[in-house]
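A quick write-up on the structure given underneath.
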Amino acid sequence: MKLVCSKANLLNGVQIVSKAASNKTTMSILECIMIDATKGVITLTANDMDLGIETIVDGEILEKGVIALDAKILLKIVSKLPDSDVTIETDSSYKAFITCEKSNFTIIGKSGEDFSYLPVVEKEDSIVISQFTLKEVVRQTIFSISDNDNNKLMTGELFEISGDEMKVVSLDGHRISIRKINLKETYSPKKVVVPGKTLNEVSKILPGGAEDEVKISFTSKHIVFEFDDTTVVSRLIEGEYFRIDQMLSSDYETKVKINKKELLNCIDRATLLVKEGDKKPIIINITDGSMELRINSISGSMNEEIDIEKQGKDLMIGFNPKFLIDALRVIDDEEVDLYMVNPKAPCFIKNPEESYIYLILPVNFTTVS
């Protein structure tokens, strides 16, 4: 095989697919990127058997062929090459010679015969949304998946399609994030749970143009994302997702309207006194026209007041400050509405249309006079 392409094109392709190369495996072929120049285009593929990514790179094929190269080594080499054309040539013993201006590398490759290409997925159902929308929806929900493998379903996000609406849900046992978006067309009902790792990687490699689209296809076991010259195939998480509708309530005893930036900045300042891993709650005291926030830690204490609009009862309630910060950071509205019942019941942050809903469980606290 012999091919030539620009460093920029090659680096972009390698960066995209290397996200699906395995880091921990006894099968070294899964740590590789397959470079396939047998079909008239240069295709790069990586596949760790759960997540597979394939992309096409612009370049010139001088001799057809195929080789698998270690993803980490290839990425390091290409990223350090001069900004010029790169030539990759292979011999019959699977050595790859990478040349760029006066730089010459030789790396040992592998035969492509053992490589697992992306599974051929019979795309039963597909939807089309803008790249920008998908990127935003992931950003606004991904923070509340669990990183604990004890409950696999919590490590993924629910994608639920009903008519012309798509709902994306994540939860970790302490909070729930929900985003709803309107689709351009009407689709048949669908419910799948997509691994958080897949959504993180798709979000990173999506260019995210508002005018550019991504096609999402579903089967019983896989989800496929297709955009530009890239295809991402991922296994789904199997199992029945949690019945979150039972956890959502429209009842409230206290409603607060507050400037989002003021609240976020105030909580941010409060956490300056909290060391990493120290679970000190932020205590919120809601009275007419005012919200007092205070925190006490080994390092000291802080309290601050913010003007609010309040409906209903006065309330004192405690939260993990990180959970409030995570939700407020991804809300684009200037003002937010908080709905609460009592110090033991969840707080809801949502807009009137309920296109976003963030449920956060309170924490116990002791008041110090």
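Of all residues in the stretch 202-216, exactly one satisfies the criterion of being part of a strand (DSSP E or B) and surrounded by fewer than 15 Cβ atoms within 10 Å (Cβ to Cβ), namely 215. Taken over the stretch 158-180, the criterion of being closer than 12 Å to residue 134 by Cβ and either out of contact with any helix residue (DSSP H, G or I) (no Cβ under 6 Å at 6 or more places or on another chain) or acidic (Asp, Glu) (or both) is satisfied by 159, 166.
The residues listed here are 132, 115, 159; of these, the one that is surrounded by fewer than 18 Cβ atoms within 10 Å (Cβ to Cβ) and of a type in the set (A, V, I, L, M, F, W, C) is 132.
Every residue, every condition in (1) touching a Phe, Trp or Tyr at 6+ places or on another chain (Cβ under 8 Å); (2) hydrophobic (A, V, I, L, M, F, W, C); (3) at positive phi; (4) in the same structural domain as residue 50 (by TED's automatic domain parsing), yes or no:
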residue: 227; (1), (2), (3), (4): no, yes, no, no
residue: 254; (1), (2), (3), (4): yes, no, no, no
residue: 261; (1), (2), (3), (4): no, no, no, no
residue: 269; (1), (2), (3), (4): no, no, no, no
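The set of residues in the stretch 329-344 being touching a residue at least 60 places away in the same chain (Cβ under 8 Å) and either over 20 Å from residue 266 (Cα atoms) or among the aromatic types (Phe, Trp, Tyr) (or both) consists of 339, 341, 342. One residue alone among 199, 153 is over 22 Å from residue 329 (Cα atoms), in a helix (DSSP H, G or I), within 17 Å of the chain's Cα centre (by Cα) and in the same structural domain as residue 136 (by TED's automatic domain parsing), and that residue is 153.
Looking only at residues in the stretch 316-332 that are assigned to a strand (DSSP E or B) and farther than 24 Å from residue 246 by Cβ, the one that is nearest to the chain's Cα centre (by Cα) is 318. The stretch 79-129 holds strands (runs of 3 or more DSSP E) entirely within its bounds, and those carrying 1 or more residues that are closer than 15 Å to residue 37 by Cβ map to 85-90, 95-100.
Among the residues here, residue 157 qualifies as of a type in the set (D, E, K, R) and in contact with a strand residue (DSSP E or B) (Cβ under 7 Å, 6 or more places away or on another chain). Within the stretch 19-44, the set of residues being more than 16 Å from residue 96 (Cβ to Cβ) and either part of a helix (DSSP H, G or I) or touching a Phe, Trp or Tyr at 6+ places or on another chain (Cβ under 7 Å) (or both) comprises 30 only.
Every residue, every condition in (1) exposed (fewer than 14 other Cβ atoms within 10 Å of the Cβ); (2) among the hydrophobic types (A, V, I, L, M, F, W, C), yes or no:
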residue: 218; (1), (2): no, yes
residue: 223; (1), (2): no, yes
residue: 228; (1), (2): no, no
residue: 248; (1), (2): no, yes
residue: 261; (1), (2): yes, no
residue: 272; (1), (2): yes, yes
residue: 278; (1), (2): yes, no
residue: 309; (1), (2): yes, no
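Across the stretch 333-369, the qualifying residues are those that are among the β-branched types (Val, Ile, Thr) and assigned to a loop (DSSP other than H, G, I, E, B), and the one among them that is nearest to residue 254 (Cα to Cα) is 341. Of all the numbered requirements in (1) loosely packed, with under 13 Cβ neighbours inside 10 Å; (2) modelled with pLDDT of 95 or more, residue 52 misses one, and that requirement is (1).
Exactly one residue out of 61, 67 is touching a Leu at 6+ places or on another chain (Cβ under 9 Å) and either modelled with pLDDT of 95 or more or under 17 Å from residue 2 (Cβ atoms) (or both), and it is 61.
For the stretch 253-281, the tally of residues that are modelled with pLDDT under 95, aliphatic (A, V, I, L, M) and not in a helix (DSSP H, G or I) stands at 1.
The values are calculated or read from the model by the stated rules, or taken from the named source; none is laboratory data. Predicted, not measured: the structure shown is a model, and the values here were computed from it. In this analysis, Cβ positions are derived from the backbone assuming ideal geometry, glycine residues included, and neighbour counts consider all displayed protein chains.
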